[in-house]
Amino acid sequence: MILAIDPGNIESAYCVIDKNNYKPVEFGKIDNNQLIELINTRFSKGIESLAIEMVASYGMPVGKEVFETCVWIGRFVQEFINYVSLKHSFIYRKDEKINLCGSMKAKDSNIRQALIDRFGGVGTKKNKGWFYGFKADIWSAYAVGITYLDRSN
């Protein structure tokens with residue numbers, strides 16, 4: 001199992017992925033302090049590695065939210081090292097775009113569609129698909145994890 005995180009300055013999306021079949025096992029978007037607590041408790045066993053999206057500079061000015069997100073990235077990695085004692089990998093958005101869509105011009109909707117094309121649909125309450133329950137940033141967390149797994153194999 002791997003833990004993939006799409007970090008934010010207040011809340012972060014996460015996805016636990018089975019590395020053997022790429023199936024999402026657990027996912028959500030929660031307060032950053034709650035995610036730290038999960039890393040310290042539930043994720044301290046059974047998780048083999050952490051894949052986390054890393055901020056990259058593209059030459060444009062950024063606001064304080066980006067810097068606060070960087071602080072949280074560091075906190076997540078430190079907690080993971082302290083409690084899980086395993087490796088972590090930074091995944092950049094450009095790597096996700098190239099890996100999943102083959103183009104740097106890909107947008108979130110393109111990445112979402114590439115994941116659906118590869119693994120199957122969202123489904124319904126009666127007929128749950130691969131991505132049933134996914135929303136917003138959870139797609140990004142899963143994309144981080146899949147890019148990590150694809151690059152690891």
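Size of the stretch 1-85 along its principal axes in angstrom, Cα-based, largest extent first?
Cα spread of the stretch 1-85 along its principal axes, largest to smallest: 39, 25, 21 Å.
Averaging sequence separations of C-alpha pairs under 8 Å and six or more residues apart, then dividing by the length of the chain, give the relative contact order as a whole percent.
Relative contact order here is 30 percent.
Sort 41, 69 by Cβ crowding within 10 Å, fewest neighbours at the top.
41, 69
Looking at this model, which pairs from 64/128; 94/128; 45/107; 45/94; 64/125; 29/87 are more than 32 angstrom apart at the alpha-carbon?
64/128; 45/107; 64/125
Over its Cα atoms, what ratio of radius of gyration to 2.2 N^0.38 Å does the stretch 11-153 give?
Ratio of Rg to 2.2 N^0.38 Å for the stretch 11-153: 1.05.
May I ask you to compute the full-extension gain from residue 71 to residue 42, defined as 0.36 nm times their residue separation minus their alpha-carbon distance, rounded to one decimal in nm?
Net length gain for the segment: 8.2 nm.
If we count every other residue with Cβ under 10 angstrom of residue 49's Cβ, Lys/Arg +1 and Asp/Glu -1, where does the sum land?
Charge balance in the 10 Å sphere: +1.
May I ask for the distance between the Cα centers of the stretch 111-146 and the stretch 2-71, given as a whole number of Å?
17
Calculate the radius of gyration of the Cα atoms of the stretch 64-137 to one decimal place, then report Dmax, the largest Cα-Cα distance, as a whole number, both in Å.
16.1, 43
Readers should treat all values here as calculations from the given coordinates under stated rules, not as data from a laboratory. Everything numeric here is computed off the predicted structure, so don't read it as measured data. Backbone-built Cβ (ideal geometry, glycine too); neighbour counts: all protein chains shown.
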